[in-house]
Ligand SMILES: Cc1cc2nc3c(=O)[nH]c(=O)nc-3n(C[C@H](O)[C@H](O)[C@H](O)COP(=O)(O)O)c2cc1C
Ligand code: SF4
Ligand code: FES
């Protein structure tokens with residue numbers, strides 16, 4: 001395994017300082033994919049995406065083409081793009097939104113045509129102040145170009161795109177909470193079934209929700225063909241994917257990598273990627289797919305970056321963020337901070353999530369600050385078990401959305417891998433790492 | 001029982017083409033932009049969060065009076081506006097400084113010294129996280145992940161990224177904010193979007209409906225033709 005020579009499908013333009021402008025976009029093949037799509041039938045476009053076997057990049061990894069093919073049995077009213085990106089240590093959509101907004105818009109227009117939707121909303125997290133400006137400016141340019149609005153490029157197809165700002169709430173990344181937020185309400189996830197967006201979505205109409213990165217892949221796939229995309233990667237994980245690498249690495253950043261052909265070791269250590277762990281330290285643990293995912297240790301470092309490969313090993317590729325912790329990291333402190341995040345961001349609708357996260361945070365905090373009690377470890381595991389019975393992976397669903405059952409992931413991993421550290425905190429009232 | 005036990009039902013008549021409601025606090029240009037924003041959505045209430053951002057751009061925060069204006073524009077009750085606004089971290093129902101300094105302490109930043117940076121910020125500014133300096137200029141907040149984890153510890157000022165900070169660079173940043181040295185790059189609190197949409201909705205809803213029914217018909221014909229071809233093949 002190694003770093004492969006796969007083409008840069010969605011980051012090819014980003015090396016240019018003016019990658020966000022229409023001039024650069026048009027000079028590098030911009031809007032050719034849309035023109036090509038408009039000359040095809042919508043079914044043919046869906047078929048191309050289906051052939052590519054493009055898995056959704058928002059976290060759940062459902063194939064985009066299949067989602068649309070199912071949807072097209074009944075007319076879809078709205079397309080909503082999920083740019084809420086708030087999963088801790090995930091920052092790939094940030095790059096796409098700020099550095100290549102036209103690619104996102106072109107992808108969105110292709111998706112709108114394929115699903116025959118005439119009203120699109122791009123929901124961006126409010127903290128992306130510059131991203132919101134870049135996407136709006138790009139949209140204004142796209143309108144002038146005739147790519148958005150009435151009768152785009154003379155095709156007879158009309159579509160409007162509205163950029164919508166969020167206002168700071170992690171839960172609004174969950175698709176039904178996002179729709180509630182877009183309706184001007186609190187971001188409360190809806191109970192599914194019956195409220196799958198495909199059946200009852202925005203304003204009660206059938207709605208398709210896709211992630212920013214999922215959309216950004218579409219221009220390349222339409223131009224180069226679904227089979228060219230499917231030829232990259234392996235098995236169900238086709239094409240390239242963005243991985244956001246952060247924590248204890250020499251070169252944190254977003255890397256576009258061919259799926260399955262590359263391993264976590266390559267990502268963390270290859271000189272052209274993460275460049276290794278600073279100060280000559282060793283790897284202690286890493287989180288393979290956002291803070292909702294169970295942790296991995298040095299033994300799992302040779303796993304390939306593939307959806308099924310990581311799932312089979314007991315975690316998930318999730319949102320494509322990899323957090324590296326070196327051997328000077330306190331596992332108690334790291335899992336305490338993650339737990340506090342969930343306690344703050346739980347929307348509060350479900351008792352196991354709201355109360356469970358609060359209790360876990362309290363117990364974790366007293367252990368972290370040296371006030372832990374003898375039976376705290378059992379208490380922690382018991383509280384975890386109440387949120388996600390059996391502590392299985394994937395967790396059992398006890399709540400309206402999957403935020404709740406994800407809460408125990410970090411604590412469960414930390415206790416399983418570094419039980420001694422918890423015991424030292426509790427028995428000696430201090431941290432071995434100072 | 002007195003009649004006050006039965007609150008007057010909300011008057012939703014305005015949405016059915018009543019007179020233009022009058023606003024008391026949203027000013028001219030902002031009010032115009034508010035109405036343009038509302039026109040972008042199939043349902044006015046969807047403009048609630050954008051309007052809250054717009055109001056913060058004018059006032060710095062969501063005062064009770066300005067929430068009444070938003071309610072008027074959207075044909076909601078002020079309580080409905082507050083009910084939504086209070087859910088979101090970026091919507092402030094209490095005054096904040098003209099510069100909101102957000103320090104992320106989530107996992108990637110934690111591993112790179114964010115807690116220490118936050119402590120430094122609290123002691124140099126003389127406030128706890130969540131507080132505003134005595135002169136009302138700066139508000140410090142501890143943030144969850146800001147999706148800028150490659151520049152850890154990540155700091156935003158008024159939601160503009162200012163890159164990874166050390167204690168020294170943080171002090172310089174604060175000095176620059178106080179002197180106005182970075183005003184071009186970091187507008188005052190609330191200004192979420194300096195690029196406005198240049199057009200209203202262009203695809204007329206009736207026109208779109210017509211196009212879509214024509215397309216649905218064409219799709220039906222293509223599906224039928226595909227079925228015939230398949231049947232021919234099966235027969236051959
Ligand atoms: C708690 C929670 C947070 C989520 N956050 C995001 C997010 O920030 N961005 C995103 O695209 N999807 C997020 N998702 C997944 C979405 O619900 C949805 O599956 C996704 O947007 C579908 O797009 P895709 O099929 O293109 O991946 C989140 C899900 C949950 C349960
Ligand atoms: S699981 Fe948590 S975040 Fe999800 S709906 Fe329930 S309370 Fe809200
Ligand atoms: S963890 Fe701090 S910006 Fe992501």
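The values are calculated or read from the model by the stated rules, or taken from the named source; none is laboratory data. Here the structure is a predicted model, which means the values were calculated and not measured. Cβ sites come from the backbone with ideal geometry, for glycine too, and all protein chains shown count toward neighbours.
Points worth noting:
- All conditions but one from (1) within 16 Å of residue A:336 (Cα to Cα); (2) crowded, with 19+ Cβ neighbours inside 10 Å apply to residue A:423; the one that does not is (2).
- Only one of A:408, A:352 that is within 16 Å of ligand 2 (Cβ to nearest atom), under 26 Å from the mean Cα position of the chain (by Cα) and within 22 Å of residue A:314 (Cα to Cα): A:408
- Residue within the stretch A:338-348 that is modelled with pLDDT of 95 or more, in contact with a helix residue (DSSP H, G or I) (Cβ under 8 Å, 6 or more places away or on another chain) and at positive phi present: yes
- Among the residues listed as B:216, B:164, B:203, the single one being in a helix (DSSP H, G or I) and either touching a residue at least 60 places away in the same chain (Cβ under 8 Å) or facing chain A (nearest Cβ under 10 Å) (or both): B:216
- Filtering the stretch A:60-101 to residues that are more than 14 Å from every other protein chain (Cβ to nearest Cβ) and in contact (Cβ under 8 Å) with a residue 12 or more places away in the chain leaves A:61, A:63, A:64, A:65, A:66, A:67, A:70, A:81, A:100.
- Residues considered: B:146, B:138. Of these, the only one that is touching a residue at least 40 places away in the same chain (Cβ under 8 Å), more than 30 Å from residue A:147 (Cβ to Cβ) and more than 9 Å from chain A (Cβ to nearest Cβ) is B:138.
- Count - residues of the stretch B:167-181 that are surrounded by fewer than 16 Cβ atoms within 10 Å (Cβ to Cβ) and touching a residue at least 12 places away in the same chain (Cβ under 8 Å): 3
- Residue check, residue B:62 surrounded by 14 or more Cβ atoms within 10 Å (Cβ to Cβ) and either in a helix (DSSP H, G or I) or modelled with pLDDT under 95 (or both): no
- The residues in the stretch A:321-332 that are over 15 Å from residue A:301 (Cα atoms) and either within 16 Å of ligand 2 (Cβ to nearest atom) or in contact with a helix residue (DSSP H, G or I) (Cβ under 6 Å, 6 or more places away or on another chain) (or both) can be counted, and the count is 2.
- Residue A:161 being within 12 Å of chain B (Cβ to nearest Cβ) and away from ligand 1 (no atom under 15 Å from the Cβ): yes
- Flag for residue A:153 being on the phi > 0 side of the Ramachandran plot and modelled with pLDDT of 95 or more: yes
- Residue in the stretch A:144-156 that is facing chain B (nearest Cβ under 8 Å), within 26 Å of residue A:65 (Cα to Cα) and in contact with a strand residue (DSSP E or B) (Cβ under 8 Å, 6 or more places away or on another chain) present: yes
- Selection of strands (runs of 3 or more DSSP E) fully inside the stretch A:166-280 by the criterion of at least 1 residues being more than 20 Å from the chain's Cα centre (by Cα) and outside the structural domain of residue A:92 (by TED's automatic domain parsing) returns nothing.
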